[in-house]
Amino acid sequence: MADKLQWFREAKYGLFIHWGLYAIPGGIWEGKSAPHGTEWIMKNMKIPLAHYKKLVGQFNPEGFDPYFYVRQAKKWGMKYIVFTAKHHDGFAMYDTKVSEYSIMHTPYGKDIVRQLADACEAEGMTLCIYYSQMQDWEHPDGNGNTWDYDPQKQDFKRYFYQKALPQVRELLTNYGKIGMMWFDTPYDMPLDLCRELADEVRKCQPDCLINGRIGYGLGDFREAADNAIPVLSQEECWESPMTLNSSWGYSHTDHRFKEPAEVIRNLVRIVGKGGNLVLNVGPDAFGRIPPRSNEILCEVGEWLEQNGESIFGTSAAPNFPYLLPWGDLTYNDRSNTLYLHVQNYPSFPYRILLTGLKTKTLAVNVLGEQEPLRISQSYEIARDEHRLYILLPEQCPSAVDTVVKVQLAGSAEAQVIGTAKW
Ligand code: JFZ
């Protein structure tokens with residue numbers, strides 16, 4: 001079915017880029033470390049706007065190469081890019097006519113969104129735009145800045161019509177085709193304004209998706225909580241935004257990065273449950289990708305290179321009755337193939353069990369290898385329980401995630417917990 005969610009449903013894996021003035025302090029202000037989320041430093045440390053604004057005069061990321069980002073994203077196996085055109089601090093990373101508070105007034109003086117849009121266009125990458133519609137700590141009427149402005153005097157509508165709405169319009173009219181508007185933290189933004197914002201997006205670009213954080217179910221799909229994965233598989237599109245460390249913006253101090261194995265396992269789990277993973281990098285003040293982020297993403301990219309068939313082209317897998325002690329699974333509903341992701345490799349006799357699969361299994365092999373694996377599929381009448389045992393090779397092919405391809409005779413049918421009479 002060709003609908004506007006099609007590209008998103010197929011994409012599975014995207015790059016999130018959180019980049020703005022906050023990359024300069026990188027979580028440290030006047031010698032003090034800000035608590036988590038370096039992009040929140042202004043609010044978390046109640047930095048007066050007049051002080052925070054001094055960063056504008058310092059921002060000169062001459063190391064930024066849009067083509068490098070887009071090419072790396074492709075190499076990493078990612079299919080779309082979400083870029084923070086304006087985060088909560090209110091600073092626009094593009095040439096806006098609506099406000100003076102933008103990249104055009106820095107020593108750098110070049111439109112970042114334009115450069116990314118051009119590179120994405122040339123490289124065949126889908127560009128999506130993050131825009132903080134509710135919070136804006138620069139505008140006197142935006143939400144969130146209670147230390148420079150008196151909340152009693154704030155008129156949110158004024159901010160909405162003066163800044164948010166016209167800026168979203170600029171972003172959707174000046175940069176060619178935008179895949180998605182990624183809104184965030186709607187909090188208690190009134191329904192009528194959220195609706196007006198959604199209508200504006202649809203008017204400017206009817207095919208542009210809107211993520212769930214516009215609020216009130218006005219988006220095209222559900223956005224999970226940050227770094228969260230739902231318990232059950234979902235038929236409808238959804239997305240999980242994740243970071244590699246604990247911050248979205250660049251951090252001088254947070255070096256606790258996830259291992260590639262953890263990223264791969266998150267990706268597999270999310271995709272198996274019918275979702276997309278949008279994974280973040282926070283470029284530094286010079287415009288460079290932190291080296292460790294690049295290393296991790298390259299390793300994930302290499303795994304995808306070998307095992308992409310188990311991710312791309314798949315859809316939500318059925319919910320099986322038990323948690324899988326050996327790993328996770330993904331499913332292709334067109335080819336009736338289950339991909340078992342063995343992440344905790346079994347010891348002797350190297351056997352894994354999938355309980356509750358009713359569909360007949362035709363062939364099983366490790367992805368990329370011809371050798372068929374021995375299986376035993378059975379049904380125990382008295383316990384009403386279907387079982388599929390698979391004997392794996394003695395030598396573990398990948399300690400991170402060995403993909404076992406299970407070709408079924410028809411579409412995968414799983415027993416549902418509660419129907420079996422245990
Ligand atoms: C928001 C932002 O505040 C943050 O800076 C970053 O941009 C992130 C992607 O989104 O933070 C959130 C939003 C929602 C949840 C948690 C953090 N949530 O629903 O759990």
Carbon plus sulfur, as percent of the 1.4 Å-probe accessible area of the range 332-388, comes to 49
Counting all Cα-Cα pairs in the range 127-206, those more than 16 Å apart amount in percent to 50
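Pairs to check: Lys43/Lys273; Lys12/Lys177; Lys110/Lys177. Give those whose C-alpha atoms are more than 24 Å from each other in this structure. Provide the component values of the computation, followed by the final result.
Details: Lys43/Lys273 35 Å; Lys12/Lys177 20 Å; Lys110/Lys177 20 Å.
Where the Cα-Cα span goes over 24 Å, the pairs concerned are Lys43/Lys273.
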Scoring only Lys, Arg, Asp and Glu (+1, +1, -1, -1) among other residues with Cβ under 14 Å from the Cβ of Ile28 yields -3
On the formula 1/(1 + (r/R0)^6), with r taken between the Cβ atoms of Arg374 and His51 and R0 of 60 Å, the FRET efficiency rounded to 0.05 is 0.30
Phi-derived 3J(HN,Hα) across the range 98-109 with the Karplus relation (6.51, -1.76, 1.60, θ = phi - 60°), rounded Hz, x for Gly and Pro, is 7, 8, 7, 7, 8, 4, 5, 9, 9, x, 5, x
Taking Cα atoms only, helix 112-123 is inclined relative to the longest principal axis of the chain by an angle, in degrees rounded to 10, of 40
Using alpha carbon centers only, the range 128-180 is separated from the range 347-414 by a whole-angstrom value of 52
Looking only at aspartates and glutamates whose Cα falls under 20 Å of Lys153's and that sit 8 or more positions away or on another chain, we get Asp89, Asp136, Glu138, Asp141, Asp188
In whole Å, largest first, the alpha carbons of the range 287-422 cover along the principal axes 63, 30, 26
The range 73-91 scanned against label point 7 Å out from Lys177 along Cα→C-beta; backbone N under 15 Å for 80-81
A correct Karplus calculation of ³J(HN,Hα) over the range 61-66, with 6.51 cos²θ - 1.76 cosθ + 1.60, θ = phi - 60°, whole Hz and x for Gly and Pro, returns x, 5, x, 6, 10, x
With +1 on the Cβ of every Lys and Arg and -1 on the Cβ of every Asp and Glu, the dipole magnitude of the chain about its Cα centre, in debye rounded to the nearest 20, is 340
Projected onto their principal axes, the Cα atoms of the range 128-173 stretch, largest extent first, over whole-Å spans of 34, 17, 11
With the charge dipole of the chain built from beta-carbon charges (+1 for Lys and Arg, -1 for Asp and Glu) about the Cα centre, the Cα from Pro346, Ile210, Tyr52 projecting farthest to the positive end belongs to Pro346
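Say R0 is 60 Å: what FRET efficiency, to the nearest 0.05, do Val416 and Tyr67 get from their beta-carbon distance?
On the way: r = 49 Å, r/R0 = 0.81.
Once the sixth-power term is evaluated, E becomes 0.75.
Note down the magnitude of the dipole of the range 331-422 about its Cα centre, charges +1 on Lys and Arg C-beta and -1 on Asp and Glu C-beta and zero elsewhere, to the nearest 20 debye.
Around 220 debye, computed over the range 331-422.
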Given backbone amide H placed at 1.01 Å from N, residues whose amide H is under 5 Å from that of Thr126, ignoring those fewer than 5 places away on the same chain, are Ile81
Residue-normalised value, i.e. accessible area per residue, for the range 96-154 at 1.4 Å probe, in Å², stands at 40
1/(1 + (r/R0)^6) with r = Cβ-Cβ of Thr146 and Ser315, R0 = 45 Å, i.e. FRET efficiency to nearest 0.05, evaluates to 0.50
Computed for the range 211-346: size of charge dipole around the Cα centre, +1 on C-beta of each Lys and Arg, -1 on C-beta of each Asp and Glu, debye to nearest 20, value 200
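With a sphere of radius 13 Å drawn around the Cβ of Arg114, what net charge do the other residues whose Cβ falls strictly inside it have (Lys, Arg +1; Asp, Glu -1)?
On the way: positive: Lys110; negative: Asp95, Asp111, Asp118, Glu121, Glu170.
It works out to a net charge of -4.
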Rounded to a whole %, the carbon-and-sulfur portion of the accessible area of the range 133-180 at a 1.4 Å probe is 48
Taking placed amide H atoms and a strict 5 Å upper bound, the residues 5 or more places from Ala363 or on another chain that come that close are Gln407
CD proxy, 222 nm, the chain: helix-only mean residue ellipticity via -39,500 (n - 2.57) per DSSP H run with n ≥ 4, per residue, nearest 500, stands at -6500 deg cm²/dmol
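Kindly identify the range 206-312 as rounded, prolate or oblate by the Cα gyration tensor criterion: order the square roots of the eigenvalues as a ≥ b ≥ c, call it rounded if a/c is under 1.5, otherwise compare a/b with b/c, prolate if a/b is larger, else oblate. Spell out each step's value before the answer.
Details: a/c = 1.97, a/b = 1.31, b/c = 1.50.
Because a/c hits 1.5 or more and a/b fails to exceed b/c, the range 206-312 counts as oblate.
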Cα-based Debye curve of the chain sampled at q = 0.07 Å⁻¹ gives log₁₀ I(q)/I(0) of -0.38
At q = 0.20, 0.21 1/Å the base-10 log of I(q)/I(0) from the Debye formula over the alpha-carbon atoms of the range 113-258 is -1.32, -1.35
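I need the fraction of alpha carbon pairs in the range 278-356 separated by more than 22 Å, rounded to a whole percent.
Working: 1403 of 3081 pairs.
Every Cα pair in the range 278-356 considered, those over 22 Å come to 46 percent.
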The answer for Asp254, listing residues at least 5 apart or on another chain whose modeled amide H is closer than 5 Å to its amide H, is none
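Could you state the accessible area per residue of the range 188-294 in Å², with a 1.4 Å probe and every protein chain left in place? Present the calculation step by step, with values, prior to reporting the outcome.
Working: 4550 Å² over 107 residues.
About 42 Å² of surface per residue is accessible.
If you take every residue apart from Leu232 with its C-beta less than 13 Å away from the C-beta of Leu232, what net charge results, scoring Lys and Arg +1 and Asp and Glu -1?
On the way: positive: Arg222, Arg269, Lys273; negative: Glu235, Glu236.
Computed value for this residue: +1.
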Low-density loop GluC sites (Glu not before Pro), the range 198-282, at most 13 other Cβ within 10 Å, DSSP non-H/G/I/E/B, are Glu235, Glu236
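Over the chain, what is the relative contact order in percent, taking alpha-carbon pairs closer than 8 angstrom and at least six residues apart? Working shown, then result.
On the way: 888 pairs, mean separation 64.5, N = 422.
Reported relative contact order: 15 percent.
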Counting only protein heavy atoms with a 1.4 Å probe and every protein chain in place, the carbon and sulfur fraction of the accessible surface of the range 1-121 in whole percent equals 53
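The values are calculated or read from the model by the stated rules, or taken from the named source; none is laboratory data. It should be emphasised that the depicted structure is a prediction, and the values quoted were computed from it without experimental measurement. Reconstructed Cβ throughout: ideal geometry from the backbone, glycine too, with neighbour counts over all protein chains shown. Please note that ligands, DNA and RNA were not included when accessible areas were found on the heavy atoms of the full protein model with its side chains. Shrake-Rupley method; radii C 1.70, N 1.55, O 1.52, S 1.80 Å.
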